[in-house]
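Take a look at the following structure, please.
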């Protein structure tokens, strides 16, 4: 499988397209491009946008040449502000028929976690790589445990840590280009694994990678890695010295440095615009002090890490190609120059360079990064299965959470954390109110089939399932939630809540009406006692009246408070409930007969009804004063009839004991009691002695 690897250096970005066959790293395509500006200093990314732009150009060129699109990349970091910690771990392998690569990787990752724990709770440092110091099976050292059997597999590793900012900047740069990192390690770890294989680590060798911004160091002895280190003294210091001595800009000074082996003068123009011819041998003489200082600082770091001069030094990197540098370094390490070797990429026996471009020590590190990616050496990613797909996770500290896993694999926080529902803003009597949105449910998480959370830690080999968050539901408030009632205490331990009339956007509504964004709620903050009593719920009975259900109150309320007294919302009032009987006539108030005739009786007008009510309760004739009970069926019919003189006399109260004789005249003519009366008739009742009086006069 062809893979993409990128070496993001201080001066250049080198990209390779490679594959690994039968122990050989086959290089199919290579492209190198310099940073236009000093976007990187001392091996650290200072301008992510500018570095990403160069990386993007390199990747596009490689994609064009290879005809392949890449979405993953292998990278490494220089050892800027490097820290190392040792970790150990042990794994029960008695149940395995033989040890596989996965078991070895798993126990190594557990040892890395132990090293992370040994560093302490330092969230500002990231683990960026590790080297295996020893493998043991049942207490015996073993070079490669894969394929062996035993009871206990033990490993000891040296984990390396860099500041969080350095790691984050590399991850962010690759994301800007649309690449996810598939293998991440430290440059000296990658170079050590490629250039100083385990068989050579019995020797006390110092590996020195001199770049433009940093010089990375790795020490081997007694069959293992003894330590890693870094100094910021590197090739750029020499370039800066040329800038100062010859008044050149950085790019021009870099051009001069690369031609120091030339036998011919170098023509340049200084910052004042003056053109000069510079002799390389004179420049080398001027740089002796700077190169000596650089070699002294590197030599001191090697001695600090090793404790004494190493047996040999292998030097790689473009910054080490300075004529005479190895001589200065040999003097400061008190070693013969023959013990210091500048390694050319062309001498790497594991490389099959089909491009023909990889000539020089500056290409050793890019090749080592590609080699590490194919062989999974020194990488600190753990592998988990995320939603059915194998992915890798960079250890960020003592804990690796599901959130770290998701963010490193392209998820955004908003893809995981539930959004609350929108707030609702409205007015209540002119004042702004805000009803906060409800929180939703974060993305559901399961680790190895068990419920977990985004804060749960993940380990190498875990199966992680992450769903989608559920946004918060919008539940509008009801009007009763933003106002207080008047609490009415009834003497029989009942308590009612009474609200005044409420208007929503100038429309009268119930207090259970929902409020929405920009609504306007208005109500009076006081009610009179009379208004409160009128709004109180009362006990009722239900009857059927002329085939329709009617609810009739059977109680009323009274209080000693004056009817006009005002009560503020939120306050209390005490009332008494009085039960009352409901009669048929209470039900018939709105069923009065309408047709009538108007006559004149003894000179005054009288209106006589032409219809009357016939009432039945549960099928039986009933009086209008009859008391109603729950469930009664009441029927009322209007019966039409013609009013007569008798009906008219029913309106009068006559003392019959004082009547001796009488006459009835209708429109001046004698009439009987059953004479039908019509509208406008004039009726006279003449009694002897005229001793009578009407109801009206009583």
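With respect to residue 204, is the statement that it is without any contact (Cβ under 8 Å) to a residue 40 or more places away in the chain and more than 19 Å from residue 77 (Cα to Cα) true? Give the steps one after another, and end with the answer.
Values: without any contact (Cβ under 8 Å) to a residue 40 or more places away in the chain: no; more than 19 Å from residue 77 (Cα to Cα): yes.
Considered against the rule, which asks whether it is without any contact (Cβ under 8 Å) to a residue 40 or more places away in the chain and more than 19 Å from residue 77 (Cα to Cα), residue 204 comes out as no.
Can we say residue 386 is under 24 Å from residue 180 (Cβ atoms), touching a helix residue (DSSP H, G or I) at 6+ places or on another chain (Cβ under 8 Å) and at pLDDT 85 or above? First the steps, then the outcome.
Details: under 24 Å from residue 180 (Cβ atoms): yes; touching a helix residue (DSSP H, G or I) at 6+ places or on another chain (Cβ under 8 Å): yes; at pLDDT 85 or above: yes.
Criteria met by residue 386.
Let me ask something else about it. Taking residue 541 as the residue in question, decide whether it is in the same structural domain as residue 489 (by TED's automatic domain parsing), in a strand (DSSP E or B) and either within 30 Å of residue 435 (Cα to Cα) or modelled with pLDDT of 95 or more (or both). Spell out how you get there, then give the answer.
On the way: in the same structural domain as residue 489 (by TED's automatic domain parsing): yes; in a strand (DSSP E or B): yes; either within 30 Å of residue 435 (Cα to Cα) or modelled with pLDDT of 95 or more (or both): no.
Taking the combined requirement at face value, the residue does not satisfy it.
Answer yes or no: is there a residue in segment 141-160 that is closer than 21 Å to residue 375 by Cα, assigned by TED's automatic domain parsing to the domain that holds residue 184, free of Cβ contacts under 8 Å to residues at least 24 places away in the same chain and touching a strand residue (DSSP E or B) at 6+ places or on another chain (Cβ under 6 Å).
Yes, segment 141-160 contains at least one residue that is closer than 21 Å to residue 375 by Cα, assigned by TED's automatic domain parsing to the domain that holds residue 184, free of Cβ contacts under 8 Å to residues at least 24 places away in the same chain and touching a strand residue (DSSP E or B) at 6+ places or on another chain (Cβ under 6 Å).
Please specify each residue of segment 489-505 satisfying the condition of being under 17 Å from residue 533 (Cα atoms) and assigned to a loop (DSSP other than H, G, I, E, B).
491, 492, 493, 494, 499, 500, 501 - these are the residues of segment 489-505 that are under 17 Å from residue 533 (Cα atoms) and assigned to a loop (DSSP other than H, G, I, E, B).
Counting only residues that are within 11 Å of residue 86 (Cβ to Cβ), touching a residue at least 60 places away in the same chain (Cβ under 8 Å) and buried (at least 20 other Cβ atoms within 10 Å of the Cβ), how many does segment 101-131 have? Show your work before the answer.
Pass one, segment 101-131, residues within 11 Å of residue 86 (Cβ to Cβ): 111-112, 114-115, 118-119, 130-131.
Still in the running and touching a residue at least 60 places away in the same chain (Cβ under 8 Å): 112, 119, 130-131.
If we keep only those that are buried (at least 20 other Cβ atoms within 10 Å of the Cβ) too, we end up with 112, 130-131.
Qualifying residue count, segment 101-131: 3.
While we're looking at this one, here's another question. Looking at segment 289-296, is at least one residue free of Cβ contacts under 8 Å to residues at least 12 places away in the same chain and over 23 Å from residue 14 (Cβ atoms)?
Keep residues of segment 289-296 that are free of Cβ contacts under 8 Å to residues at least 12 places away in the same chain, which gives 289.
Narrowing the set further to residues that are over 23 Å from residue 14 (Cβ atoms) leaves 289.
Scanning segment 289-296, I find at least one residue that is free of Cβ contacts under 8 Å to residues at least 12 places away in the same chain and over 23 Å from residue 14 (Cβ atoms), so the answer is yes.
To continue, here is another question. If residue 403 satisfies all but one of (1) modelled with pLDDT under 85; (2) surrounded by fewer than 18 Cβ atoms within 10 Å (Cβ to Cβ), what's the number of the condition it fails?
With respect to (1) modelled with pLDDT under 85; (2) surrounded by fewer than 18 Cβ atoms within 10 Å (Cβ to Cβ), residue 403 is out only on (2).
Yes/no matrix, rows are residues, columns are (1) farther than 19 Å from residue 484 by Cβ; (2) under 56 Å from the mean Cα position of the chain (by Cα); (3) loosely packed, with under 15 Cβ neighbours inside 10 Å:
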site	(1), (2), (3)
525	no, yes, yes
544	yes, no, yes
568	no, yes, yes
588	yes, no, no
615	yes, no, no
618	yes, no, yes
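From (1) in contact with a helix residue (DSSP H, G or I) (Cβ under 8 Å, 6 or more places away or on another chain); (2) modelled with pLDDT of 85 or more, pick out the condition that doesn't hold for residue 22.
All conditions pass for residue 22, except number (1).
Would you confirm, using the coordinates I've provided, whether residue 174 is touching a strand residue (DSSP E or B) at 6+ places or on another chain (Cβ under 9 Å) and not in a strand (DSSP E or B)? Can you show your working first?
Numbers: touching a strand residue (DSSP E or B) at 6+ places or on another chain (Cβ under 9 Å): yes; not in a strand (DSSP E or B): yes.
For residue 174, the condition - touching a strand residue (DSSP E or B) at 6+ places or on another chain (Cβ under 9 Å) and not in a strand (DSSP E or B) - is met.
Scan 66, 89 and give me the residue that is assigned by TED's automatic domain parsing to the domain that holds residue 231 and modelled with pLDDT of 80 or more. Working first, answer last.
Working: 66 fails: assigned by TED's automatic domain parsing to the domain that holds residue 231.
None of the others qualify; the one that does is 89.
Each row is one residue, and each column tells you yes or no for (1) under 20 Å from residue 102 (Cβ atoms); (2) buried (at least 16 other Cβ atoms within 10 Å of the Cβ); (3) at pLDDT below 90.
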residue: 143; (1), (2), (3): yes, no, yes
residue: 155; (1), (2), (3): yes, yes, no
residue: 161; (1), (2), (3): no, yes, yes
residue: 164; (1), (2), (3): no, no, yes
residue: 169; (1), (2), (3): no, yes, yes
residue: 182; (1), (2), (3): yes, yes, yes
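Here's another thing I want to ask about it. Taking residue 336, is it out of contact with any strand residue (DSSP E or B) (no Cβ under 6 Å at 6 or more places or on another chain), surrounded by 18 or more Cβ atoms within 10 Å (Cβ to Cβ) and either modelled with pLDDT of 90 or more or more than 23 Å from residue 213 (Cβ to Cβ) (or both)?
Numbers: out of contact with any strand residue (DSSP E or B) (no Cβ under 6 Å at 6 or more places or on another chain): yes; surrounded by 18 or more Cβ atoms within 10 Å (Cβ to Cβ): no; either modelled with pLDDT of 90 or more or more than 23 Å from residue 213 (Cβ to Cβ) (or both): yes.
Criteria not met by residue 336.
To continue, here is another question. Could you please let me know if residue 151 is modelled with pLDDT under 85 and surrounded by fewer than 16 Cβ atoms within 10 Å (Cβ to Cβ)? Explain how you work it out, then say what you get.
On the way: modelled with pLDDT under 85: no; surrounded by fewer than 16 Cβ atoms within 10 Å (Cβ to Cβ): yes.
Taking the combined requirement at face value, the residue does not satisfy it.
Looking at 41, 25, which is the one that is surrounded by 21 or more Cβ atoms within 10 Å (Cβ to Cβ) and under 17 Å from residue 187 (Cβ atoms)?
Values: 41 fails: surrounded by 21 or more Cβ atoms within 10 Å (Cβ to Cβ).
Criteria check complete, one pass: 25.
Let me ask something additional. Go through segment 63-100 and give me each residue that's buried (at least 16 other Cβ atoms within 10 Å of the Cβ) and in a helix (DSSP H, G or I).
The answer is 63, and nothing else.
Additional query: Can you go through 242, 217, 225, 189 and tell me which one is closer than 25 Å to residue 335 by Cβ, in contact with a helix residue (DSSP H, G or I) (Cβ under 9 Å, 6 or more places away or on another chain), in a helix (DSSP H, G or I) and assigned by TED's automatic domain parsing to the domain that holds residue 305?
On the way: 242 fails: closer than 25 Å to residue 335 by Cβ; 217 fails: in a helix (DSSP H, G or I); 225 fails: in a helix (DSSP H, G or I).
Criteria check complete, one pass: 189.
The values are calculated or read from the model by the stated rules, or taken from the named source; none is laboratory data. Being a predicted model, the structure only gives us computed values, none of them experimental. Counting neighbours? That spans all protein chains shown, and the Cβs are built from the backbone with ideal geometry, glycine included.
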